[in-house]
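To start, the structure itself, in structure tokens.
The values are calculated or read from the model by the stated rules, or taken from the named source; none is laboratory data. Keep in mind the model is a prediction, meaning the values are calculated, not measured. Glycine also receives a Cβ, built like all others from the backbone with ideal geometry; neighbour counts cover every protein chain displayed. Protein only, heavy atoms only, side chains kept; ligands, DNA and RNA dropped before computing areas. Shrake-Rupley method; radii C 1.70, N 1.55, O 1.52, S 1.80 Å.
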Amino acid sequence: VQLQASGGGLVQAGDSLRLSCEVSGRTLSRLGIGWFRQTPGKEREFIACISGGGTSRYYADSVKGRFTISRDNAENAVYLQMNSLKPEDTAVYYCAAHAKSWLLLTTINDYDYWGQGTLVTVSS
């Protein structure tokens, strides 16, 4: 399974950005997908996850109400819509996948496959 994250960039506080994660190597509906982020010197942090069928989602408190995770299994892609961005959202964002598609998983060790990360910078 290969994941390719994209869509990062430099935005101002209050702006929106949509990240994409293209998945190949396995039928996307058989994979649970999560988004994580990491800043220098800190541990990678869970952001959001979505079940294989897309009917269940879970968010970290820090992004709840501002970020939305979605998926298009026909397009083999998962998205993270980020609204009302704050400077503290600045990080490298990673998408990850696991085979227990019916579960919503939030810890790094639960994920088997990782993308390369895309940098999001939010200026104040």
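Data for the structure
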read-out: Rounded Å value of the spacing that divides the Cα centres of the range 105-124 and the range 1-78; value: 8 Å
read-out: Whole-Hz ³J(HN,Hα) from phi, Karplus 6.51 cos²θ - 1.76 cosθ + 1.60, for the range 108-117, glycine and proline x; value: 4, 5, 6, 9, 9, 10, 10, x, 8, x
read-out: Solvent-accessible surface (1.4 angstrom probe) belonging to Arg57, in square angstrom, nearest 10; value: 110 Å²
read-out: The chain - Debye-derived log10 I(q)/I(0), Cα point model, q = 0.14, 0.21 Å⁻¹; value: -0.51, -1.17
read-out: Förster radius 22 Å - calculated FRET efficiency between Thr55 and Glu22, Cβ distance, rounded to 0.05; value: 0.55
read-out: ³J(HN,Hα), Karplus 6.51/-1.76/1.60, whole Hz, each residue of the range 70-81, x for Gly, Pro; value: 8, 8, 10, 5, 5, 9, 6, 9, 10, 10, 10, 8
read-out: The chain: Cys lacking any partner C-beta under 4.7 angstrom; value: Cys49
read-out: Around Ser29: net Lys/Arg minus Asp/Glu count, Cβ-Cβ under 11 Å; value: +2
read-out: Arg66-Ser6 FRET efficiency (beta carbon distance; Förster radius 25 Å; 0.05 resolution); value: 0.80
read-out: Solvent exposure of the chain as accessible area per residue, Å², 1.4 Å probe; value: 50 Å²
read-out: The chain: relative contact order as a whole-number percent, Cα under 8 Å and 6+ apart; value: 37 percent
